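Structure first, then comments.
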Amino acid sequence: MKLKLLQSPVSGKAFFSLFVFLCLAGAVFAQADFTLNGKITDGENALSDVSVIVRETQQGTTTNANGEFTLRVSRGQTLVVSHTGFETQTIKVGNRNEITIALTAAAGNVLSDVVVVGYGTQKKTSLTAAVSTMKGKEIASVPVANLSNGLGGRVSGVIVKQGSGEPGYDGSNIYIRGLSSTGSNQPLLIVDGIPRSFQHLDPNAIETFTVLKDAAAVAPYGVAGANGVILVTTKKGKSGAPSLTYNGYAGFQNPVVLPDFVNSYEYATLRNAAAVNEGLPEPYTAEELQKFQDGSDPDAYPTFKDIWGTITNKNSLITQHNIEVSGGAERIKYYAALGYMQQEGMWQATNTRRFNVTLNVDAQVTSTTSVSFNLNGRNQNSKFPAVSTGRIFELIGYLHPLYGPLRFSNGMPGTFLTGSLFNSGYEKYGINSLFSQLSVEQKIPFVKGLKLRGTIAYDPTYTMHKLWTLPVHKASLDRSQTPYVINDGIWGQTKPSLRQDIDFATQLTYQAGFNYDNSFGDHNIAVLGLFEAKANDLTSIMATRRNFNLTVDEINLGSSSAADMSTGGASSAARQAGLVYRVAYNYSQKYLVEASGRYDGSYYFSPDKRWGFFPAFSVGWRLSEENFLKNKISWLSNLKLRASYGEVGALAGSAFQYMSTYNVLGTNYVLGGNAVQGISERSEPNPNITWERAKKTDIGLEASLWKGLLNFEVDYFYEKRSNMLMSPDVIIPAEYGVGLSQVNAGIMSNQGFDFTIRSAYDFSQDLQVSLSANMTYAKNKLLQVFEGATTYNNPNRRITGRPLGTQFGFHALGYFQAEDFESDGSLKSGIPTQPWGAVQPGDIRYEDMNKDGQINNDDLTVIGNPTAVPGIIYGFAPSVRYKGFGLELLFQGAAKVDWYYHGSAIMPFWETMLPYKQNFDYWTPQNTDARFPRLTSSPTVNNSQTSSFWMGDADYLRLKSATLSYTIPASVMNRIGLQSIRVYLSGQNIITWTRLINYDPEIGPNNSWIPNGSWGYPNQKALSVGLNITF
Amino acid sequence: MKKQLFKISLNTIIILSVSFSFTSCKKFLEVVPTNQVSDLTLWATQDNADLFLNNIYASVPTLETGDPWENFSDNSLNGQAGRVSTNVYGPGIYTPANTPNKWGQYTNIRKCNLFIERVTASSLPEDWKKVRLAEARFLRAYFYSILWTYHGGVPLITDVLNINEQGDAVFRARNTSEETASFIIFECGAIEADLPVTAQSGRVTKGAALTLKGYAELFNASPLKNPSNDLARWEQAATTYKKVIDLNKYSLFPDYTTLFYEESNNNVEVIFSRQHLGGTSLANYIGQIGPRFVNGSLTGWGHVDPTQDLVDEYAMANGLPITDPGSGYNPQKPYVNREKRFYESIIYDESIWLGATMIMKQGVGSLNATDLNNSSISTRTGYYVIKGVNPKYAGAQDNGNSANWIIFRYAEVLLSYAEARNEATGPDQSVYDAVNEVRNRSDLPDLPAGLNQADMRKAIARERRVELAFEEKRLPDLLRLKLAETKLNGTVHAIKIDIVGGNTVYTVVPAGGGAKVFDPAKNYVLPIPQSAIDKNPNLEQNPNYQ
C-alpha cells in the first residue's frame, strides 16, 4: 500500500494544499522550539558518544549508551551529527519529533565496515584474511583517465607502476605484494563478482576497491588467485528520495619530464669536439656554428632551440563529467550514472574519449526473493598518429640539424618526424563493451539463514581498429642553388593504405550456489557453496588495402588489384570451471576459524592435469573481546590477531603447451611466384604441464585505539611459489634447435610486510585532520631455476638465490686516467686488460672480479636492483578540513629500484641520435671526474658494455595527488535549494623528487635505440578544477 | 504465496540447469586451438607435409640489410654507426661473448632433421618422398655449409634431438672441419640424382646440389683447409663445377643490372635463390643498403658503402686493370672510362641516381659529402652501392620489392670452375672460356693469352671480386684463400674530393671507422658463441679464443 501511495501522482490541488500548509506552518512554527528525540546507529547497532549539534545555535549534546539523544530545536534548523570514524551528516530537523539517523562509516573506519570478499561480504571484525579496502570516492576527483592510475600509494600491499602516459595506453601494471613468479604476476580483477577489468569504468560509479592478499582471501579463486585479487563493486541505489549528483572536472596535462636534448649549436659543438678527440677533421666550421646559434639561415641551419615546444601541445585537456541518479523505495533501489571522459594527448593527433553508462537495480521481488540487475557499458574511442608512438620518439632522436628544420620557410615538412607526427593519417581504436549481469537470490523460508543464489553475466566487447596511413612527406633542400630550392619528397609508401580489424570477444559466466548464515547462541556459522563456469571466445577479422588512388579512408575504395589487398582473422577460446566453498565459524565473535577453497579446472592443460584443489585455512582471535581486556582498557576498541595458510594456483604460462602441435603460418614462402603457407614446430610439448602452486602464509595484527582515533593493520607474509613454469632452454644445448615447452620446475619465495595506519582527529566541529599511511616491503628470491653452470658456479653471477630481475654487468671503477698508461700509450703492467679495443684515458675501467688479469664475462657481477617492481613502496596521505575547506594530499614513493640507461637514453651519438645537454660533462684531461667518458663520434664498444656506470637509482617520492576543496555552507545551500556544492582543485603527479635524470622514475629510460614502442610516452602531470553538485 | 512458489521454481531451474552443466564440465574444458595442427594431421598428406618444407625454405637466410656480411670484408663499410661489422668484427675485438655468429642455423637444421625423420617414417608416396627428402637434405647441407664456412667443424646432428629420450646424448661434441666438409659433399652427391634439373621456382634443383657440392670442395681445396695443397681437392671441385656447366641448363643473363631485379627472378643464370614477394611480409628490403640522400631526401640507409679498395679493382673499359700502365687510368679523373660493372654497381661523385646528381664533394653543403669524421650521417667512403637496388624500390621503407636474393648463380660457377681448374692443372682453354664468358657479358675483352698459372690466379681473383661484389662472397674468399690477414688488417679507404682553385682534387684517405685488425692465429674462424659453450660442455672452443 505504502508503495502505491508514493507512486500515485500528486494532483495539482493536493500540491497546492501542501504548499499552503507548509507556508503557514513555516510562518507559525518558525521560531517555536520543540523537543526532538533521536537515535543514532551505524546501520545496525546503536552508537554512543555521538556529537549532535544544532548548527544555527551551536548547541548540542552527545548520545547515551543506547545511542539516544534529546535536543530542543526549532523547525528549519539543521543538525550536524558527527562521530569519529563516520561520515559527518547534516540533517534538516523538519517537522518531526523523532528521528533515527544511520551514520555511514568513513573511509578508514574498520569497526563497522562490511568488506567485500570473494563471492560474498564479511564484517571487517570477523575477517580472518588479509584484505585492504579503499572507497571509490577517494579517486573520483583525481584527474586520471585510467582507474588503475589512481590506486598507487593508497592501499597497502598494492604496487602500481604506470608505464606510459599515452591516452588509451596509460593503464598501470598492478602487483600485489611484489613479484612471486617468473611468469605472469598480474592479479585477478573482478567487477561485481565477475572476472573483468575495472580500468575503464567510470570512477564515480565505484563504491569500493578491495584487495585480497593472502591465501584465505584468494583461495576461492583457485587456479587464478595466486597473484592476488582486486575486487571492485559499483554503487547501488539507496532507499529514499532520488538524489541527483553532478561531478565533473576539467584540467590540463603536461609531461612530468621530457629528455633534455641539445640544440643544433650544441650538437655541432659536441660533434666538433668528438672529431678533435679522435684526430679527425671537424665537421662544422665556426661560420656554421654561428648560423646554428643565431638562426640566420633557418632552412639550412635550423636551431632546434625548443624541440619539445615545437612538437608537443602544452596544457592538453583532460576532463570528466558524471551525472548520477540514485534512490529507491522500500522494495526497489536504483543507481544510474552517465560518465564522459576526454583526454587529449601530447600531440594533436592523439586523444581518447570515453562514455560510461551504469545501471544497477536491486529489487525485492517477494519477501524472500531479490533480484539485482547490473549493466555497465563503455564506448571508448582512441586516436593516434598512424606512425607508432615508439617510432615518433625514435624520430625525435634524429632531429639532426643537418637533415632540415621541422618545417622549411615555405611550410613544407623538413624532418621525418614532421610528417609522421602531424600528417601520417591515423590509427583509431573504437571499443564498445558491456558488462551485464542478472543475479537472483532466494531465501529458503523453512531453513533459517539459507539462501540460494544464481548469477549469469554476459560481457560482449567489440573492438574496431582502423589504421589509415598516408604518405609521409619530407621536403629537402637543394643548397647548390641560390636562393635555395626546396623539393617536396615522400618517405616510404607513396600512396595511402588502410587496415581494418574487428574483434568480437565474449565472456559468459555462470554462478550458482548457496549461503547459510546462522547463530546458535554464541556459535556463529556461515557457509558458502558455489559453482562457477566461465567461457571466453574471441573472433577477429582483418582486411587491408594498399595503393589508394583516392584519399578516402574506406576499405572498398582502395586499389582493386588483388596484389594490393589481404585478409586475415583468427579465433580462440578459453574455459574455466570450479566449485567454491567457504565455512566460517566463530565463537562469540572472539575466536574465529575459517576454511575456504576451490576445486578448479582450466582448459590450459591436458585432460588428466586439468583439475586441482586449492584449500586455505585461517584463524582469528579478537583479544579485545576477552574479558581481561574488554571494558578494562578503555582506549582499546579492537585488537585482533589472525593467521592464514593455504595454497592457490596460477596460470603463468600459455595454454596448450601439453599438445604436440605445429603453428600454421599465413604467408611464409614463395613458390612458383606465389605466396604459400608454412608450418613450423612450436616447441616440444610437455604433457605433464600444470599450474603453478603458491603456498601462502600470512600473520596479521589489527588494532583500533581510542575509539578509532588510531587504526592500524600490519601483516607479515611469506609465499613459496613452486611448480613455477620455466623454460628449460638454458640447460639444453644451443644446437637443440627448438624451444622446449615450459616445465613446472621453478621455486621462488616472496616475503615481506605491509602495513596501514590511519588516524583522524576532530579538534572541533570546524577543524578535522587525518593522516593515513601505508607501506609495502617485498623481497623475492629465486630458490630453484634453470641455470647454466657458467653463472651458477660463479657466486657473483649466480641467479639462483637472488631476486628476480637482478641486474648483472661489469662493475665500473671510473675512468682510466693518464697515469695508467706508459708513454707509448699502452696500459701499465698489472692493470687488467679489457678486450674491446685499445683503451685511452677517459675510457671506463672495469673491475677484474676474479683477479685473472683480464676482463671477460667471468667478471660480471650484480650491478643493480630489479627494475620491474620496487622493493619498497609507500604512501602517506594527510588531510585537513577546516569549515568548508578541505585539503587532501597523497605522497607516494618507491625505493630499492634501479633503471638501466640503455644506449641512446644517455650516450651521445648512439646510432647517430641526438645527445642530451648533460653530455657536455665529458672526460677531458682537465675534467677527469666527469659524468661521461671521453667524447667520441659514436659510443665505443668498451664504454657501452653493460656496467654499473650506466645504472640509475630510481628511488622517488612524489606528490601523487592533491585536492583542495571548498564546500559551500549548508545555510547558503538552503537558500539556493540545492543539497550541496563542492568546488575543488585537484592534481596528479604534481611534484617528483628523484635522482633519475631526463626520465620519469615510473617509466624509466627503457629506450634502447630499438624502435617500435620501447621509448616511453611520459606520464602526465595533471591539474584540474572540479565541481560537485548534489541537487 | 503462489507468486513466491513460482519464483522459487524459476530459481531452481536456473540453478539446476547450471549445475547440470557441471556434469559435462570435462567436455566444457575441451578447447581445441585453432591455429595449430597435430603431428598426426601434418604428416598424413603430401600437401600438409609440403607446408613444413615451405617453412624450411623460408628459413634460408636472405640479405640482412641492417649490416650485410659484405661489410665484414674489405669491399664495403656500413654507413650507420654502431654496427657489428665496424664496431666489433672490423677492429677484431670480438670475443665468444659478443661474436657475430651463425649458430642459429641449428634451428633450421632441426627443421630438416624433423622433416626427414617424419617423412621417411610416413607412408606417403615414394616418388614424392624421394624428391622432398632430397630437397630437405640439400637445405640441411646448405645450413651446415654456412656454419662450416665461418666456424669450422661443428657438431653434425642428423637426428631430431629429444632430451626426454636421449638424455645427455643431446650434448654433442664438435666434428672436425674435414668431417663437416665431407658430410656436406657427401650429402650433395647422394641427392643430386634425386633432384630434377628443372623444378618449380623456389625449389632446389640438381644444379643447386652440384653447386653447393662444388662450393664445399673449392673451399676445402683452398689454402685455409688444404695447407699441403693436395691438388686432388682442386680437381674434385673442378669436376663438380664442370658437371653444373654440362647440365646445359644455365647461361649468363645478358644484362648485369637487371639480373638482380624482380623482373628477372629465377632467370637462366640463377641456380639457387631465396624468394621474395613484395607487398607481403616476404618483401625484399635491399633498398635500405643503397644511397642515403637523393635530392636531399633520405632514401636508403647507406648500409653498404663500397671502399676505394674495391673501386680500384674495377677494370678500365678496355679490360685492363687500373694498375696496368697502359690502362689509361687517371687518378684525378677516376670515374672516366671504367668498365660497365662499375657504373652498374656503384654511385660516385657526380653520378646520376634516380634523376639526381649525387655529390660527394666536401664543402658544398652536400648531405652525401664523404664522412671524414665518423659522424655516420652520409657515406663513409664517398661511394654508395646500387647493385641490386632497383630504382623502383630505392626507398628504405619500400616493401614492394619482390626481387629474390641470389645465393648461387652461374657466373660464380664459371669463376669457381676456372679457379679450381687453374689450380689443379693450370690455365687451359676451359679456364679462359669460363672467365671470358663472364667478362664478355660486361663488354670486357678476353683475357690476354699465355697467362701463367699465377697471373691467371690473379686475373680470376680480380674478376671474382668485381663480378660477385656485394653478394656476400668476398669474406669466404678472404678466409679460404688466407688473404684476410693482409686484407683485413690496417685500414680500408675512402675518397676525399675537394675543390681547390676551381679544380676537383681526389685524395684517397683512410675511411673513418674502417680500421681493421685480423689475428691469423684465431680469426680465420669465428669463436663458438659463449652462450652455446655455456650450455654444452662438450663443445670445444676454437683455438686462441680464451
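Restricting the stretch A:477-499 to residues that are among the β-branched types (Val, Ile, Thr) and part of a loop (DSSP other than H, G, I, E, B), which is surrounded by the fewest Cβ atoms within 10 Å (Cβ to Cβ)?
Within the stretch A:477-499, the subset among the β-branched types (Val, Ile, Thr) is A:482, A:485-486, A:490, A:494.
Adding the requirement that they be part of a loop (DSSP other than H, G, I, E, B) leaves A:482, A:494.
Details: A:482: 6, A:494: 12.
Filtering first and then ranking leaves A:482.
Of the residues making up the stretch A:678-716, those that are closer than 30 Å to residue A:123 by Cβ and either polar (S, T, N, Q) or not in a strand (DSSP E or B) (or both) are A:697, A:704, A:706, A:707, A:708, A:709, A:711.
Which of the residues spanning the stretch A:808-852 are among the hydrophobic types (A, V, I, L, M, F, W, C), part of a strand (DSSP E or B) and either closer than 30 Å to residue A:792 by Cα or in contact with a His (Cβ under 8 Å, 6 or more places away or on another chain) (or both)?
Residues of the stretch A:808-852 that are among the hydrophobic types (A, V, I, L, M, F, W, C), as a first pass: A:808, A:810, A:812-813, A:816, A:818, A:821, A:827, A:831, A:836, A:838-839, A:844, A:849.
Subsequent filtering for residues that are part of a strand (DSSP E or B) retains A:808, A:810, A:812-813, A:821, A:827, A:844.
A:808, A:810, A:812, A:813, A:844 - these are the residues of the stretch A:808-852 that are among the hydrophobic types (A, V, I, L, M, F, W, C), part of a strand (DSSP E or B) and either closer than 30 Å to residue A:792 by Cα or in contact with a His (Cβ under 8 Å, 6 or more places away or on another chain) (or both).
Condition first: touching a residue at least 12 places away in the same chain (Cβ under 8 Å), among the aliphatic types (A, V, I, L, M) and buried (at least 21 other Cβ atoms within 10 Å of the Cβ). Now tell me which residues in the stretch A:713-739 satisfy that. Across the stretch A:713-739, the qualifying residues are A:724, A:725, A:726.
A Cβ distance below 8 Å, combined with a sequence gap of six or more or placement on separate chains, defines the contacts here; from the stretch A:487-500, residues that are facing chain B (nearest Cβ under 7 Å) and farther than 13 Å from residue A:470 by Cβ reach residues that are outside any loop (DSSP other than H, G, I, E, B) and not β-branched (Val, Ile, Thr) in the pairs A:487/A:476; A:487/A:477; A:487/A:478; A:487/B:297; A:489/A:473; A:489/A:476; A:489/B:297. Residues in the stretch B:151-169 that are facing chain A (nearest Cβ under 7 Å) and crowded, with 19+ Cβ neighbours inside 10 Å: B:155, B:157, B:161. The residues in the stretch A:57-82 that are at pLDDT 75 or above and within 16 Å of residue A:764 (Cα to Cα) can be counted, and the count is 9. State yes or no: is residue B:363 away from chain A (no Cβ under 14 Å), among the small types (Gly, Ala, Ser) and at positive phi? So residue B:363 does not fit the description; no.
Take the conditions (1) closer than 15 Å to residue B:421 by Cα; (2) in contact (Cβ under 8 Å) with a residue 60 or more places away in the chain; (3) under 23 Å from the mean Cα position of the chain (by Cα); residue B:231 misses just one of them, which is (3). Selection of the stretch B:51-89 for residues being more than 8 Å from chain A (Cβ to nearest Cβ), more than 24 Å from residue B:313 (Cβ to Cβ) and touching a residue at least 24 places away in the same chain (Cβ under 8 Å) yields B:53, B:56, B:59, B:60, B:61, B:62, B:66. One residue stands out in the stretch A:501-515 among those that are within 14 Å of chain B (Cβ to nearest Cβ) and touching a Leu at 6+ places or on another chain (Cβ under 9 Å): the one that is farthest from residue A:600 (Cα to Cα), namely A:515.
Every listed requirement among (1) within 24 Å of residue A:311 (Cβ to Cβ); (2) within 13 Å of another protein chain (Cβ to nearest Cβ); (3) not polar (S, T, N, Q) is met by residue A:363 save one, (1).
Every test in (1) surrounded by fewer than 23 Cβ atoms within 10 Å (Cβ to Cβ); (2) free of Cβ contacts under 8 Å to residues at least 40 places away in the same chain; (3) not β-branched (Val, Ile, Thr) is passed by residue B:297 save one, and that test is (1). Listed by first and then second residue, the pairs with beta-carbon distance under 6 Å, at least 6 apart or on different chains, first residue in the stretch A:253-282 and within 14 Å of chain B (Cβ to nearest Cβ), second assigned to a helix (DSSP H, G or I) and surrounded by 22 or more Cβ atoms within 10 Å (Cβ to Cβ), are A:264/A:292; A:268/A:292; A:282/A:275. Residues of the stretch B:520-531 that are surrounded by fewer than 21 Cβ atoms within 10 Å (Cβ to Cβ) and within 12 Å of chain A (Cβ to nearest Cβ): B:530, B:531.
Which of the following residues is in a helix (DSSP H, G or I), among the hydroxyl-bearing types (Ser, Thr, Tyr), at pLDDT below 80 and closer than 30 Å to residue A:661 by Cβ: B:17, B:9, B:21?
On the way: B:17 fails: closer than 30 Å to residue A:661 by Cβ; B:9 fails: closer than 30 Å to residue A:661 by Cβ.
After applying the criteria, what remains is B:21.
From the residues in the stretch B:383-396 that are in contact with a helix residue (DSSP H, G or I) (Cβ under 8 Å, 6 or more places away or on another chain) and within 14 Å of chain A (Cβ to nearest Cβ), which one is farthest from residue B:85 (Cα to Cα)? Top of the filtered list is B:393. Does the stretch B:133-147 contain at least one residue that is touching a Phe, Trp or Tyr at 6+ places or on another chain (Cβ under 6 Å), in a helix (DSSP H, G or I), away from every other protein chain (no Cβ under 11 Å) and crowded, with 19+ Cβ neighbours inside 10 Å? Checking the stretch B:133-147: at least one residue is touching a Phe, Trp or Tyr at 6+ places or on another chain (Cβ under 6 Å), in a helix (DSSP H, G or I), away from every other protein chain (no Cβ under 11 Å) and crowded, with 19+ Cβ neighbours inside 10 Å.
Just checking, how many residues over the stretch B:312-356 are assigned to a helix (DSSP H, G or I) and either touching a residue at least 12 places away in the same chain (Cβ under 8 Å) or closer than 15 Å to residue B:462 by Cβ (or both)? Of the residues in that region, 6 qualify.
Would you check which residues across the stretch B:90-115 are assigned to a loop (DSSP other than H, G, I, E, B), among the β-branched types (Val, Ile, Thr) and within 7 Å of chain A (Cβ to nearest Cβ) and list them?
Matches in the stretch B:90-115: B:93, B:95.
Being buried (at least 20 other Cβ atoms within 10 Å of the Cβ), within 31 Å of the chain's Cα centre (by Cα) and modelled with pLDDT of 95 or more: is that true of residue A:616 here? Yes, satisfied.
Considered as a group, the residues in the stretch A:516-547 that are of a type in the set (A, V, I, L, M, F, W, C) and within 14 Å of chain B (Cβ to nearest Cβ) include one that is farthest from residue B:278 (Cα to Cα), and that residue is A:530.
From the list B:101, B:175, which residue is free of Cβ contacts under 8 Å to residues at least 24 places away in the same chain and either closer than 24 Å to residue B:215 by Cβ or basic (Lys, Arg) (or both)?
B:175
Residues that are aromatic (Phe, Trp, Tyr) and more than 11 Å from every other protein chain (Cβ to nearest Cβ) were ranked within the stretch A:388-430; the one that is nearest to residue A:553 (Cα to Cα) is A:426.
At least 2 residues that are of a type in the set (Lys, Arg) and buried (at least 21 other Cβ atoms within 10 Å of the Cβ) in each: list the helices (runs of 4 or more DSSP H) lying fully within the stretch B:170-258 that qualify. Give the derivation first.
Details: elements: B:177-191, B:206-221, B:231-246.
Here the list reads B:206-221.
Looking across A:367, A:296, A:382, one residue alone is at negative phi and modelled with pLDDT under 90. It is A:367.
Of A:821, A:810, all but one fail to be aromatic (Phe, Trp, Tyr), surrounded by fewer than 18 Cβ atoms within 10 Å (Cβ to Cβ) and in contact (Cβ under 8 Å) with a residue 12 or more places away in the chain; the exception is A:821.
The values are calculated or read from the model by the stated rules, or taken from the named source; none is laboratory data. Keep in mind it's a predicted model, so treat the numbers as computed, not measured. For neighbour counting, all protein chains shown are included, and Cβ atoms are generated from backbone atoms with ideal geometry for every residue, glycine included.
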